[in-house]
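Below is one structure, written out as structure tokens, with a few remarks after it.
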Amino acid sequence: MNTKPFTSGLGENAVMITRVADRQWHALDDDLVVGRAHARHRPDGRLFVSIDAWHDVAFDLLAEAMLAELPSPLYALVDEADVELTAGWRRAGFTIRRREWEYAVPTDPRVTGLDEVLPPPGVTIVPAGQADETLLRAVDRAIRDEVEVTVGWQSMPAEVVPRPEGDTIVDPSKYAVAAAPDRYLGLIRVVRVKRPRIGLVAVRAGEQRRGIARALLAHALGTLHQSGATAAWAEVQESNQAASALFEGIGARPMSSNLELVR
């Protein structure tokens, strides 16, 4: 544990920054916690930082303490509508790396227009929980490798679910797949916690533009609709025009945007 004093001008007491645990800090004003900060690694290995502070002084001191102890590069994710939080990170030297739109995706096939969408000839959709795990891991690995040599996997929506080292699937039961007789061609991951989230929809590079992604969405959204969910959520990087067109083509609406910042 360590502390750092600063005379804040907010009262008779100094704001003190205390490291309370590994990669966790508190800002104290007269023994009252006026800010918290922590850092953690995302599954892709990047180190993300977060600060929740009552005022700018506490935020700036917490940021200073974190930057002094943590290795670069550091990343932060903020709601673009939170102007004050974004300004705080900018004062700390962070810049915008990318913008990610959050879409509300209707599930009713009469709204999405996916009610009559079928996979292309020779391709079948295997429902979530029924995929062969070996083939699932193979297509996941192949798609990740293809993305990595082009735009880079870090351009994909942030993966926030903790997973064992080297395991990119975590829970095979969350995936539906598009299957050829000898291998899988694409996958879609839907996670249901507070609300259904389409965490990933992807198709092997050589199998794209055949309607496989639309067929996967038709299956996943239809399943959600049958279970009573009226909408799902998905994140799309602003520069990914193909993904934006895919979702907007089925009636999805951008609801908010997140900024990924880097220092």
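What number comes out for the charge environment of residue 113, summing +1 per Lys or Arg and -1 per Asp or Glu over other residues with Cβ under 14 Å away? Could the numbers behind the result be given before it?
Working: positive: 110, 214; negative: 108, 115, 116, 248.
In short, -2.
With helices defined as uninterrupted DSSP H runs, which ones in the chain have an alpha carbon span along their own long axis of at least 15 Å and mean Kyte-Doolittle hydropathy of at least 0.5?
On the way: long enough: 56-69 (20 Å, 0.96); 133-148 (22 Å, -0.47); 212-226 (21 Å, 0.76).
Membrane-span-like by this criterion, though nothing is claimed about a membrane: 56-69, 212-226.
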Q: Determine the per residue accessible area of the stretch 195-263 with all protein chains present and a 1.4 angstrom probe, expressed in square angstrom.
A: 47 Å²
Q. Taking the chain as a Gaussian network, where each spring joins two C-alpha atoms under 10 Å apart, which residue of 190, 203, 123 fluctuates the most?
A. 123
(Q) Just to verify a number: what accessible area does residue 18 come out at with the full protein assembly present, 1.4 Å probe, Å² rounded to tens? (A) 10 Å²
Q) What is the distance, in nm, between label points placed 7 Å from the Cα along the Cα-to-Cβ direction at residue 239 and at residue 82? A) 2.4 nm
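Only Lys, Arg, Asp and Glu count, each charged at its Cβ (+1, +1, -1, -1), so figure out the dipole size of the stretch 31-91 about its Cα centre, rounded to 20 debye. All intermediate terms of the calculation are to be shown ahead of the outcome.
Values: 6 positive and 11 negative charges, 61 e Å.
Here the stretch 31-91 has a charge dipole of around 300 debye.
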Q. Taking all protein chains as present, what is the carbon and sulfur share of the accessible area of the chain, in % to the nearest whole number, probe 1.4 Å?
A. 51 percent
**Q.** Per-selection Kirkwood Rh - the chain (Cα, Å, 1 d.p.)
**A.** 20.5 Å
Q) Can you give the net charge of the other residues whose Cβ lies under 9 Å from the Cβ of residue 234, counting K and R as +1 and D and E as -1? A) -1
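Sorted by accessible area with a 1.4 angstrom probe, largest first, how do 30, 132 fall? Display every interim value, and only then the final one.
Numbers: 30 100, 132 70 Å².
Final ranking, largest accessible area leading: 30, 132.
Give me the 1.4 Å probe accessible area per residue for the stretch 1-145, excluding ligands and nucleic acids, in Å².
Numbers: 7810 Å² over 145 residues.
With the other protein chains kept in place, the stretch 1-145 gives 54 Å² per residue.
Calculate the dipole size of the chain relative to its Cα centre from +1 charges on Lys and Arg beta carbons and -1 charges on Asp and Glu beta carbons; express the result in debye to the nearest 20.
Details: 30 positive and 36 negative charges, 139 e Å.
Charge dipole of the chain: 660 debye, to the nearest 20.
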Q | Largest to smallest accessible area among 239, 173, 256 [probe 1.4 Å] | A | 239, 173, 256
Q. Which one of 57, 93, 117 is farthest out on the positive end of the charge dipole of the chain, using unit charges on Cβ (Lys, Arg +1; Asp, Glu -1) and the Cα centre as origin?
A. 117
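The values are calculated or read from the model by the stated rules, or taken from the named source; none is laboratory data. Treat the numbers as computed from the prediction; the structure is a model and nothing was measured. Backbone-built Cβ (ideal geometry, glycine too); neighbour counts: all protein chains shown. Areas reflect the complete protein model, heavy atoms only, side chains present, ligands, DNA and RNA absent. Shrake-Rupley method; radii C 1.70, N 1.55, O 1.52, S 1.80 Å.
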